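Presented below is the structure to which this report refers.
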Amino acid sequence: MTYEEKKQFLRQYRVSLAAASDAARLLAEYREKHAGIRAVILSDMPKGSGTPHDLSDYAAGLDDLERKVADSITTYCAKQGEVGRVIDAVPNDTYRRLLHLRYICGFTFERIAVEMDYSWRQVMRLHYEAVMSVDI
């Protein structure tokens, strides 16, 4: 695998985390938006086109969103396991820590340099070597 392909694989964890967070946020917004929904009172009177949706529409939408959240969390957990195993298999402790800070914690290279007490340039060099040492 090339350097870019390995980086793309390692990035999958953060991408799936963001997708799970987005899905959970959408679910929370949906619940908040429909917090005041009431059951529809059935009558034989005609309704205008601006009538609010009934409780069954809300329940169906809620079910769809909850399913999406569950799917995205499942994907996130799978990616976490895959990427975590690949990083944990790196034999060099420095490389493993750098990869963990970058791809699991989501740190910038500048913050990694501060955390590891290296220069930015050294972190960039080590990052390349660390990514190339990953066995996928």
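Computed from the coordinates by the stated procedures, all read-outs in this text should not be read as laboratory data. Remember, predicted model here, so these are calculated numbers, not experimental data. Cβ placement follows ideal geometry from the backbone for every residue including glycine, while neighbour counts extend to all protein chains displayed.
Some points to look at:
- For segment 48-129, a crude dipole built from +1 on the beta carbon of Lys and Arg and -1 on the beta carbon of Asp and Glu, taken about the Cα centre, is about 580 debye to the nearest 20.
- Taking other Cβ atoms within 10 Å as a rough exposure proxy, GLU115, GLU29 sort from fewest to most as GLU29, GLU115.
- Cα-based Lys pair tally, the chain, threshold under 28 Å, eight or more apart or on separate chains: 7
- Which label in (1) 16.5; (2) 18.1; (3) 15.4 gives the computed Kirkwood radius over Cα pairs in Å: (2)
- Between the residues LEU98, ALA23, ALA60, the greatest Cα displacement towards the positive end of the dipole of the chain, with unit charges on the Cβ of Lys, Arg, Asp and Glu, is found for LEU98.
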